[in-house]
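A quick write-up on the structure given underneath.
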Amino acid sequence: VVALRDGRETLARVIGSDPETDLAVLKIDLADLPAITIGRSDGIRIGDVTLAIGNPFGLHQTLTTGIVSSKSRAIKSPSGATIDDVIQIDAAINPGNSGGPLLDSAGRLIGVNTAIYSPSGASAGVGFAVPVDSVNRVVPQIILEGKYEPARLGVRINESLNERLKRLTGIEGVAILGLQPGGAAAAAGLKECQFTGRGSVIMGDVIQEVGGVKVDNVQQFQDAMLKLRRGEEVTFTFVREDKIYEVDITLN
């Protein structure tokens, strides 16, 4: 049952969900529904003001405020998969806030509240939201096909860390920060970065092209992957130890 701010209640139908990003699409058959303005999450900065709306502990239409306290965090989804590029906020969110919008100071959607970090189970000032850029990838496909089944390479990437590694090494592209066991990239022999306890890094492979499309950053890599399908064989160009290689990989 969906309860609206104007007091109306109606049954909703689940169109589909994606446990790996903790997102779902519900449909209700009502008219005169105002739409939220969609923003972008890739342009937010640490310190930006945020507003979180939800129903903490059943207290409907609660608004809390805070700032972006970190970016590009990685947390575990309910399915056990890693959600990358999560927004960390210090606005108070509690059980009941999940699924509510995270807004910027202009009222634009920049994320969907999803989880908190708390030893007690209540807000400790560390909350997380799925970025709206992820929502914009997942939701349209669920609406169209009833499910989200992207082509997966099986690599872990991170926008913020990737930019730091680019400045450090001077190598353009997307660094592989981790490999999913049994994933397509691991099966193809790609290598991940290794981080030492002293803050240094041994570089792994850096992807520069996906199917002939140049990718200089994480957003371009994700956009290129969106156009691919599971089971498709794709040529990846990458840098390893200052040499350029190509490998054909069948995506999961």
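Annotation: of all residues in the stretch 74-93 being open to solvent by 30 Å² or more (accessible area, probe 1.4 Å) and touching a helix residue (DSSP H, G or I) at 6+ places or on another chain (Cβ under 9 Å), the one that is nearest to Gly125 (Cα to Cα) is Ala92. Surrounded by fewer than 17 Cβ atoms within 10 Å (Cβ to Cβ), modelled with pLDDT of 95 or more and more than 27 Å from Tyr148 (Cα to Cα): is that true of Ile67 in this structure? It is true that Ile67 is surrounded by fewer than 17 Cβ atoms within 10 Å (Cβ to Cβ), modelled with pLDDT of 95 or more and more than 27 Å from Tyr148 (Cα to Cα). Number of residues in the stretch 146-181 that are β-branched (Val, Ile, Thr) and surrounded by fewer than 17 Cβ atoms within 10 Å (Cβ to Cβ) equals 2. Note on the stretch 175-234: residues that are of a type in the set (Gly, Ala, Ser), within 28 Å of Val139 (Cβ to Cβ) and in a helix (DSSP H, G or I) total 3. Considering Val132, Val86, Val139, the condition of being more than 12 Å from the chain's Cα centre (by Cα) and either among the aliphatic types (A, V, I, L, M) or more than 26 Å from Ile176 (Cβ to Cβ) (or both) is satisfied by Val139 alone. Count of the stretch 141-174 residues, restricted to those that are in a helix (DSSP H, G or I), more than 29 Å from Ile46 (Cβ to Cβ) and either without any contact (Cβ under 8 Å) to a residue 24 or more places away in the chain or not hydrophobic (A, V, I, L, M, F, W, C) (or both), is 3.
Selection within the stretch 23-39: residues that are open to solvent by 60 Å² or more (accessible area, probe 1.4 Å) and under 26 Å from Pro78 (Cβ atoms). The member of this set that is nearest to the chain's Cα centre (by Cα) is Ala24. Screening Thr50 against (1) more than 18 Å from the chain's Cα centre (by Cα); (2) crowded, with 18+ Cβ neighbours inside 10 Å; (3) of a type outside the set (Gly, Ala, Ser) leaves a single unmet condition, (1).
Here's the yes/no breakdown for (1) among the hydroxyl-bearing types (Ser, Thr, Tyr); (2) closer than 22 Å to Phe221 by Cβ:
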{"site": "Ile83", "(1), (2)": "no, yes"}
{"site": "Ser105", "(1), (2)": "yes, no"}
{"site": "Thr169", "(1), (2)": "yes, yes"}
{"site": "Gly173", "(1), (2)": "no, yes"}
{"site": "Gly178", "(1), (2)": "no, yes"}
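Of all residues in the stretch 104-145, exactly one satisfies the criterion of being open to solvent by less than 30 Å² (accessible area, probe 1.4 Å) and of a type in the set (Phe, Trp, Tyr), namely Phe128.
Restricted to strands (runs of 3 or more DSSP E) entirely inside the stretch 13-128, those with at least 1 residues that are of a type in the set (D, E, K, R) and without any contact (Cβ under 8 Å) to a residue 40 or more places away in the chain are 13-18, 23-27, 62-76.
Given the structure, is Gly178 modelled with pLDDT under 95, farther than 19 Å from Val68 by Cβ, over 20 Å from the mean Cα position of the chain (by Cα) and not polar (S, T, N, Q)? Here the answer is no, as Gly178 does not meet what is asked. One residue alone among Asp104, Asp90, Asp85 is at positive phi and among the charged types (D, E, K, R), and that residue is Asp85.
For the stretch 46-83, the tally of residues that are within 30 Å of Pro181 (Cα to Cα) and of a type in the set (A, V, I, L, M) stands at 4. When Ala184, Ala188 are checked against the criterion of being within 13 Å of Phe236 (Cα to Cα) and surrounded by fewer than 20 Cβ atoms within 10 Å (Cβ to Cβ), Ala188 stands alone in meeting it.
The values are calculated or read from the model by the stated rules, or taken from the named source; none is laboratory data. Since this is a predicted model, take the numbers as computed values, not measurements. Using ideal geometry, Cβ is built from the backbone for each residue, glycine included, and neighbour counts are taken over all protein chains shown. The protein model used for the area step is the full one, side chains on, heavy atoms only, and it has no ligands, DNA or RNA in it. Shrake-Rupley method; radii C 1.70, N 1.55, O 1.52, S 1.80 Å.
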